[in-house]
1. Using a basic spin-label model with each label point 7 Å from the Cα along Cα→Cβ, how many nm lie between residue 43 and residue 67?
2. Ignoring any ligand, DNA or RNA, what whole percent of the accessible area of the stretch 8-120 comes from carbon and sulfur when the probe is 1.4 angstrom?
3. Note down the net charge around residue 162, summing +1 for each Lys or Arg and -1 for each Asp or Glu among other residues with Cβ under 15 Å from its Cβ.
4. Give, as a single signed number, the net charge of other residues whose beta carbon lies under 12 Å from the beta carbon of residue 134, with Lys and Arg counted +1 and Asp and Glu -1.
5. Between residue 156 and residue 121, what is the label-to-label distance in nm when each label sits 7 Å out along the Cα-to-Cβ direction?
6. Nearest 20 debye, what's the magnitude of the dipole of the chain about its Cα centre given +1 on Lys and Arg Cβ and -1 on Asp and Glu Cβ?
7. Specify which labelled value, from [x] 1.60; [y] 1.05; [z] 1.03, agrees with Rg/Rh (Cα atoms, Kirkwood Rh) derived from the coordinates of the model shown.
8. Run the simple label-point estimate for residue 90 and residue 53 please: 7 Å along Cα→C-beta, distance reported in nm.
Amino acid sequence: MLTNEKNLWQILWEYDPNGLIVVDTQMNITLVNPAFCKMFNVNQTEIIGQPASIVLEDLADFQKVWEKDEVIRGKEKKYKPENQANSEADIVYVKEVIFPIRDQNLIACIMVDITYEWQRKQEMINLRNETVSKVNEVVDHQMKVVQEIAGLLGETTAETKVSLLKIIKMVNQETL
């Protein structure tokens, strides 16, 4: 049964859609799964044994987890994969769970790719900002039109008053 369990764990490791990385206490990569390789556009055999900093620029959370023997859950981070073009579309947004494996002197990290959700959130923020801008433009235009109408009403009211005063003056002169 132990062999079947081990095979099951290997299958889960290979097929897990989340990026999985394990580093040693010197922050060298000891294991990554295919999802991690795809997420960061790296080759598994080339990065095993390499410093994790070549892929994950900032390892402060890994060091904190090891030093304080704690777990970091749900921290959102963004990464710029090294082999990607230089554009905002290439940034990977993840939610991380980092935990120590003390008896093996290892630190593991599960990375849930939230890039799609983050991009949708940014699109909604952009849409909201554009909508607010358009509403402000419409209100400004309406205020301008109202001011023009008020100006025209003021002019015609003044002209009417001048005409009425002339008529009153003429009527008063006739009655005298």
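1. With each label point 7 Å from Cα toward Cβ, the separation is 3.6 nm.
2. Working: 3380 of 6540 Å².
Ligands and nucleic acids excluded, carbon and sulfur reach 52 percent.
3. On the way: positive: 161, 166, 169; negative: 155, 159.
My count for the surroundings of residue 162 gives +1.
4. Values: positive: 128; negative: 130, 137, 140.
Overall, the nearby charge balance is -2.
5. Spacing of the two 7 Å Cα→Cβ label points: 5.5 nm.
6. On the way: 19 positive and 27 negative charges, 137 e Å.
The calculated dipole for the chain is roughly 660 debye.
7. Among [x] 1.60; [y] 1.05; [z] 1.03, the one derived from this structure is [x].
8. So the label points at residue 90 and residue 53 sit 2.2 nm apart.
The values are calculated or read from the model by the stated rules, or taken from the named source; none is laboratory data. From a predicted model like this one, the values you see are computed outputs, not experimental measurements. Note that we place each Cβ from the backbone using ideal geometry, even for glycine, and neighbour counts take in every protein chain shown. All accessible areas refer to the heavy atoms of the entire protein, side chains included, with ligands and DNA or RNA removed. Shrake-Rupley method; radii C 1.70, N 1.55, O 1.52, S 1.80 Å.
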